[in-house]
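Take a look at the structure set out below.
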Amino acid sequence: MIRFINLLLVMAVIGLSVGLYDIKYRAESADRHARQLEQRIAKEQEAIRVLRAEWSYLNQPERLQELANRYTELKPLTAEQIGSFEDVPMPHMADDFYVPSGRQPLGGYAGVSTQGIGMPGSTIQ
């Protein structure tokens, strides 16, 4: 019986050793993969910084204006090219908003002139 227990314990130690060995190498592999990803991320971030600097240089207004003058016949935009005041649609003046159709004025101060407010002899009571 004791021999069986000893054999069982030796097998358990061997099994745990193999499992620990496997876990150790998987962790090292994951760590190596994480470092590779961090290096790739750093390279991509550097490439983004370079591209942003290049984009900033290429989109300078002075440079774009010089290229437009060199390669196109474009002229500055004038207000007449956009439209005239006659082109703006005017609202229909007979709308209820502009002409209150027979409504009575509101009570209170709404229909009273502000010239005589607080003055002696004013019509406000």
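Before moving on, here are some points about what is shown:
- Tabulated pairs, the stretch 73-92, first open to solvent by 100 Å² or more (accessible area, probe 1.4 Å), second among the aliphatic types (A, V, I, L, M) and in a loop (DSSP other than H, G, I, E, B), C-beta under 6 angstrom, 6+ apart or interchain: none
- Lys43 vs. criteria in a loop (DSSP other than H, G, I, E, B) and out of contact with any helix residue (DSSP H, G or I) (no Cβ under 8 Å at 6 or more places or on another chain): no
The values are calculated or read from the model by the stated rules, or taken from the named source; none is laboratory data. Here the structure is a predicted model, which is why all the values come from computation and not from measurement. Cβ: placed from backbone, ideal geometry, glycine included. Neighbour counts: every protein chain shown. Accessible surface areas use protein heavy atoms only, side chains included; no ligands, DNA or RNA. Shrake-Rupley method; radii C 1.70, N 1.55, O 1.52, S 1.80 Å.
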